[in-house]
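Notes follow the structure.
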Amino acid sequence: MTATTLFEKIWRAHEVVAETADTPAILYIDLHLTHEVTTPQAYTVLRERGLRVRRTDRTLATLDHSTPTDSDQLFGRVPIKIESAANQVRQLEKNCAEFGVELLGIHSPNRGVVHIIGPELGLTQPGTTIVCGDSHTSTHGAFGALAFGIGTTEVGHVLATQCLLQRKAKTLAVNVEGALPRGVTAKDLVLAIIRKLGVSGGTGSVIEYRGSTIRALSMEERMTVCNMSIEAGARAGLIAPDETTFAYLKGRPRAPQGAGWDAAVARWRTLVTDPGAKVDAEVSIDASTLAPMITYGTNPGMSVALGEAIPATGDAVFAKAMAYMGLTPGQQMLGQKIEEVFLGSCTNGRLSDLEQAASIVRGRKVAPGVRFLVVPGSQQIKLAAEAAGLDRVFKDAGADWREAGCSMCLGMNGDLVAKGAYCVSTSNRNFEGRQGVGARTLLASPIMAAAAAVTGRVTDPRTLLA
Amino acid sequence: MEPIRTIRSRTVVLASTNIDTDQIMPARFLTTTSREGLGKHLFADWRYDAAGQPIAEFVLNKPEAAGCSVLVAGRNIGCGSSREHAPWGLYDYGFRAVISSEIADIFRSNSLKNGLVPVVVDADTHAWLLANPGVEVAVDLETRTVTLPDGRSVAFPIEAFARYCLLNGVDETGYLLSQEAAIKAYEARTGA
């Protein structure tokens, strides 16, 4: 048998109709995750055409982007401030009720950022195809699932037919070897990978992350890496499932149970790239040489390792980014004064992210004049963090402990960075205006975010680790 | 959908590289539940000042941009968020084609489904178009070429089925629905 890649194996298993020169493949979708922002227009099309949701059992909805993180607004004790956001929430509730789609709504203890709750519930499983009208669907690739973001028209396709028209992507192997140094996290690793590939280096490709460093990562760390695959332009990120994956999934409410579990694990063990399988391109990274990373520009590829200066010169786009960011070419990021910190998002809003940040915040105070927003990725994470006393650590330090949601990653719900303010953010995008008009985003790891919160500056988190 | 064959227009040039969909359609406009009327928010943070007044220097606010339906953009337009609101906004504003040397995957896919033709040209042609804003071009889907003012035709790739759908005004939803028997057979075969 020909040696095949993990991507190829999942692809073939989901071909309803194979691609030809004239027609794309019809690809079956095992799990369709949905949220309030990218579905309303798809439901409108279903209504106009008299269509139903073909597989409600393979469709799950939640509310995350437009929802307030303020408890009073979220739970209806006061009205949601942004009327259009409130309307969008009501629209999803109505659509789900009408079409019979399960909604993990406002009062569900399982509500959260869509890419956090899929894994948390055990719905994200190796070898499956997963889509969502959201580019960070690549997160689920950490489990060896082929998972990618789609537009609203395609959301409609999946709702109506459980299928998508797709051309097969290329494969790009990113091999990572060596131990991550102390204080260097999965976030730093993926920022280094994006810098190496460039923000369009992955276009047209599915990235498979391989190597001893990747194998040594926890599931939460793997999700951070796969989450940002799209920031290198890739369709999806993939990591072959292993014992770490199975241990994470075992016993989760919607993972296979009993005899079904053993059968599933046996099947999942075959989901590897065979030795000698050809990939279209390959790059290698030595993790042992990495340092904590932070972005300085207006795309996630514009980053430096701490201690490294911002480039001294660049093209017109570089100059525009510098002007927007208010930074000086050639300067160091260390010591840069900051006004806001956001800890959360589908990139770094999981329990281990909060724990790591708390390890730096514990016993310290948020620096004067700094606003520190801590937003758990799901209500389950919020509950677990509160059970572990992490909320107290953050609140005692002067941070703002919020309800789950996408929040300040994109500010749709009104959680915004002030114009001109610098925000160290654990999210995934530092685009102009992403966190608010004129907001200046510095992407970094949870420990660097925590270090910035307690010092009011970009600070090497390694100097604050116990 | 209206069949599309040829788009003839002067070009509008936005030379920035990596124009992400957050620039094309900022997130605060995504709370809409309709796909209509997004053209007024297109490039909102580059186009309007804090008081909501047009910024005169921005290319879409210049008189020569009026009526143009071809946008020439720097390398890698459409990166970032999957929001289809970006091509909806471009289309609603009046654009029918976007030309660049690289176009991000999800944005390209979304554009094809909305009558906005994504045109990837070679680096030399791209550099020339960036340097010569306002030239008259013709994007021809039948021949898969862009014709430049000097009469030269440059080929561009486009996925065969998407091209067929654009040329014939066919929508992909209908095609997928017509595959119900194959989908049922797949589900029966795999136990899905």
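Does the protein assembly as shown come out rounded, prolate or oblate, given a ≥ b ≥ c as the square roots of the eigenvalues of its C-alpha gyration tensor, rounded meaning a/c under 1.5 and, failing that, prolate meaning a/b above b/c? Rounded. For region B:99-192, the C-alpha radius of gyration sits at 1.43 times the compact-globule guess of 2.2 N^0.38 Å, with N the residue count. Loop-resident trypsin sites (Lys or Arg not before Pro) (DSSP state other than H, G, I, E or B) in region A:63-114 with no more than 15 further Cβ atoms inside 10 Å of their Cβ: A:Arg77, A:Lys81. Rounded to the nearest 500, the helix-only mean residue ellipticity at 222 nm of chain A stands at -9500 deg cm²/dmol, with each DSSP H run of n ≥ 4 adding -39,500 (n - 2.57).
Converting phi to 3J(HN,Hα) with the Karplus coefficients 6.51, -1.76 and 1.60 and the offset θ = phi - 60°, region A:30-42 yields 6, 9, 10, 8, 9, 9, 5, 7, 10, 10, x, 5, 5 Hz in sequence order, with x at every glycine or proline. If both residues of a DSSP beta bridge must be in region A:6-166, then about 30% of such bridges are antiparallel. Where does the longest stretch of chain B lie that holds no GluC sites (Glu not before Pro) found in a DSSP loop with 13 or fewer other Cβ atoms within 10 Å? Result, exposed sites excluded: B:58-141. In this rough spin-label picture, where each label sits 7 Å from Cα along the Cβ direction, the A:Phe75-B:Lys40 distance is 3.8 nm. The mean count of C-beta atoms from other chains within 10 Å of the C-beta of residues in A:428-436, rounded to a whole number, is 5. Just to be sure I understand: with springs between alpha-carbon atoms less than 10 Å apart, which residue in B:Thr17, B:Thr143, B:Thr31 has the highest mean-square fluctuation in the Gaussian network model of chain B? Answer for the Gaussian network model of chain B: B:Thr31.
Relative protection proxy for A:430-441, A:338-349, A:162-173, from highest mean packing down: A:338-349, A:430-441, A:162-173 (other beta-carbon atoms within 10 angstrom).
In plain terms, the C-alpha convex hull of region B:1-113 casts an average shadow of 7.2 nm² when viewed from every direction.
Counting only other chains, and only Cβ atoms inside 10 Å, what mean value do you get across the residues of A:197-205? Averaged over the peptide's residues, the number is 4. Note on chain A: antiparallel DSSP beta bridges, both residues inside, total approximately 25 percent of the bridges counted.
Look at the stretch B:42-49: the mean tally of other chain Cβ atoms within 10 Å of its residues' Cβ atoms is 1. Counting lysine pairs in region A:292-463 whose alpha carbons fall under 20 angstrom apart, excluding pairs fewer than 8 residues apart on the same chain, gives 5. Taking the inverse of the mean reciprocal distance over all distinct Cα pairs, the Kirkwood hydrodynamic radius of region A:6-166 comes to 16.3 Å. In region A:292-463, the DSSP beta bridges split such that about 30 percent are antiparallel, to the nearest 5.
Ranked by the mean number of other Cβ atoms within 10 Å of their residues, highest first, the peptides A:146-157, B:67-78 fall in the order A:146-157, B:67-78. Note: relative contact order over region A:292-463, using C-alpha pairs below 8 Å and six or more positions apart, is 29 percent. Projection of the Cα convex hull of region B:6-190, averaged over all directions and equal to a quarter of that hull's surface, yields 12.3 nm². The rule of thumb for compact globular proteins, 2.2 N^0.38 Å, goes into the C-alpha radius of gyration of region A:269-422 1.28 times. Ranked by how many other Cβ atoms sit within 10 Å of their own Cβ, fewest first, the residues A:His136, B:His126 fall in the order B:His126, A:His136.
A Gaussian network model of chain B, with springs between Cα atoms under 10 Å, assigns the largest mean-square fluctuation among B:Pro157, B:Pro63, B:Pro118 to B:Pro63. The overall shape of region A:344-383, judged from the alpha-carbon gyration tensor, is prolate: a/c is not under 1.5, and a/b is greater than b/c. Seen from A:Pro256, the other residues with C-beta closer than 12 Å to its C-beta sum to a net charge of +3, counting Lys and Arg as +1 and Asp and Glu as -1. How many angstrom lie between the Cα centre of region A:6-50 and the Cα centre of region A:189-238? When both Cα centres are located, 23 Å separates them.
Listed cross-link partners A:Lys81/A:Lys187; A:Lys168/A:Lys278; A:Lys278/B:Lys184; A:Lys9/A:Lys278; A:Lys168/B:Lys113 are compared with a 23 Å cut-off, the Cα-Cα value being larger for A:Lys81/A:Lys187; A:Lys278/B:Lys184.
Where in region A:109-137 does the amide nitrogen come within less than 16 Å of the point 7 Å from the Cα of A:Arg267, taken along Cα to Cβ? Backbone N within reach: A:122-130. Over region A:85-231, the ratio between the Cα radius of gyration and 2.2 N^0.38 Å evaluates to 1.16.
Since every read-out is calculated from the coordinates, none of them should be taken as a lab result. What you see is a predicted model, and the numbers here were worked out from it, not measured in a lab. As a convention, Cβ positions derive from the backbone with ideal geometry for all residues, glycine included, and neighbour counts pool all protein chains shown.
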